[in-house]
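After the structure tokens below, expect a handful of questions from me.
The values are calculated or read from the model by the stated rules, or taken from the named source; none is laboratory data. All values derive from a computational prediction rather than experimental measurement. We place every Cβ from the backbone using ideal geometry, glycine too, and count neighbours over all the protein chains shown. The accessibility values were calculated without ligands, DNA or RNA, using every heavy atom of the protein model including side chains. Shrake-Rupley method; radii C 1.70, N 1.55, O 1.52, S 1.80 Å.
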Amino acid sequence: MEFSRAISYRLNELMTERRITAYKLSFLSAVPTSTVSNILLCKGRSCTAITLLNLCRGFGITLETLFTSHLFELENIVDDG
């Protein structure tokens, strides 16, 4: 799986668990709605580390928690390029 798709899946998992929408995540994280949408739709190659950090802040989790998923096991990730 491409890394950007793994990020999208993980964010969707977290939004479902917490019952929040992309709009609410945008508000909580101060990440523009268009950026959240692009990440969820896998538009663009990647997002910045600071964007991921801000999204984690919006969820109230650490980066470690974000990446604690089978989605990010090295054998599951392929190069986005």
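Listed here are the residues, each with its yes/no results for (1) part of a loop (DSSP other than H, G, I, E, B); (2) at pLDDT 95 or above.
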residue: 11; (1), (2): no, yes
residue: 15; (1), (2): no, yes
residue: 20; (1), (2): yes, yes
residue: 23; (1), (2): no, yes
residue: 45; (1), (2): yes, no
residue: 64; (1), (2): no, yes
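Which pairs turn up if I take residues in region 1-27 that are over 14 Å from residue 55 (Cβ atoms) and look for partners that are in a loop (DSSP other than H, G, I, E, B) with beta carbon separation below 6 Å, at least 6 apart in sequence or on another chain?
2/80; 3/77; 3/80; 5/42
Moving on. As an exercise: evaluate residue 56 against (1) open to solvent by 60 Å² or more (accessible area, probe 1.4 Å); (2) out of contact with any strand residue (DSSP E or B) (no Cβ under 8 Å at 6 or more places or on another chain) and give the number of the one condition it does not meet.
Condition not satisfied by residue 56: (1).
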